[in-house]
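Input: a single structure, listed below in structure tokens.
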Amino acid sequence: TPGLYIVATPIGNLGDLSPRAAAVLEAADLIAVEDSRVTAKLLRHIGVKRPMTPYHDHNADAVRPGLVAQMGDRVVALVSDAGTPLISDPGYKLVRDARAAGHTVVTIPGPCAAIAAMTLAGLPTDRFFFLGFLPAKAQARAAAIEEVANIRATLILYESGPRLAACLRALAEGLGDREAGVAREISKKFEECVTGTLSSLADRYENAPPKGEIVVIVGPPGEAPPPSETDADAALREALTRLP
Ligand code: SAM
């Protein structure tokens, strides 16, 4: 059936491409891609050659109408470089416009780094809040963290290796020293998930920025251990000094 097909692709291990995703890519008249080199590698893996057209943050507004116009009589697949399109990736406006034009919209679900990381961390999963990438600049990042400090849910965010330690430190400051996990290179050779308090993780990565792709998972408020008696004494002394 003609229309728009949102196709999730692997976040590392090419074996994670589902048979249904492969079938849709094979049947596609056109594949809208972020980076044609990345998608070409995936297509080679399944022995498929289909026309690709770039669809990324910089050209999306210009090319969207043309893509939507083709969905009436052609199978248009949307992929991103990795994982589920639309999740910290372009695509939502394409879906919006495809719907507005009355086209069929189908999703082919599959890998998503945020969800995969949460399954590794061992933190509560009943309520979660996805933050995507926090701002890179310290002040904007602190403001973004403050905005979510009172949300009673596990937080999920994407981060890069060089910024990880500073990000964990800012999270500890803004949220309190909660339990957290750093998931790295999911589904790849060096997959790992390190858990601990935000400050212990910040210490760990301070002078050893990790390589590869990273998801940070932060437990909800109240997960942190209760303050020790010595902390309480110190807090009391501190409070007394402030009394008039
Ligand atoms: N659409 C993708 C998804 O569904 O997960 C996310 C795209 S976003 C531009 C890329 C970020 O996702 C990376 O910077 C990293 O934070 C995270 N990521 C992607 N692949 C990953 C992997 N294999 N392991 C850990 N994190 C990953």
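The values are calculated or read from the model by the stated rules, or taken from the named source; none is laboratory data. Everything numeric here is computed off the predicted structure, so don't read it as measured data. Methodologically, a virtual Cβ is constructed for each residue, glycine included, from the backbone with ideal geometry; neighbour enumeration extends over all protein chains shown.
When the test is whether a residue is assigned to a helix (DSSP H, G or I), in contact (Cβ under 8 Å) with a residue 12 or more places away in the chain, aliphatic (A, V, I, L, M) and more than 15 Å from the ligand (Cβ to nearest atom), residue 22 passes it. From 79, 105, 95, which residue is more than 16 Å from the ligand (Cβ to nearest atom) and not charged (D, E, K, R)? Being more than 16 Å from the ligand (Cβ to nearest atom) and not charged (D, E, K, R) holds for just one of 79, 105, 95, which is 105.
Restricted to helices (runs of 4 or more DSSP H) entirely inside the range 132-244, those with at least 3 residues that are modelled with pLDDT of 95 or more and in contact with a Leu (Cβ under 7 Å, 6 or more places away or on another chain) are 138-148, 164-175, 198-206. Restricting to the range 54-76, give me the number of residues that are within 16 Å of the ligand (Cβ to nearest atom) and in contact with a helix residue (DSSP H, G or I) (Cβ under 8 Å, 6 or more places away or on another chain). The qualifying residues number 3.
With the condition kept exactly as written, say whether any residue in the range 83-104 is in a loop (DSSP other than H, G, I, E, B), over 29 Å from residue 56 (Cβ atoms) and at pLDDT 95 or above. Within the range 83-104, none of the residues are in a loop (DSSP other than H, G, I, E, B), over 29 Å from residue 56 (Cβ atoms) and at pLDDT 95 or above. Scanning the range 44-58 for residues that are under 23 Å from the mean Cα position of the chain (by Cα), of a type outside the set (Ser, Thr, Tyr) and surrounded by 13 or more Cβ atoms within 10 Å (Cβ to Cβ) returns 54, 56. Of the residues making up the range 119-130, those that are more than 11 Å from the ligand (Cβ to nearest atom), farther than 11 Å from residue 219 by Cβ and surrounded by 13 or more Cβ atoms within 10 Å (Cβ to Cβ) number 1.
Being under 21 Å from residue 64 (Cβ atoms) and surrounded by fewer than 17 Cβ atoms within 10 Å (Cβ to Cβ) holds for only one residue in 38, 33, 24, and it is 38. Find the residue count for the range 50-80, including only residues that are in contact (Cβ under 8 Å) with a residue 60 or more places away in the chain and in a loop (DSSP other than H, G, I, E, B). Residues meeting the conditions: 6.
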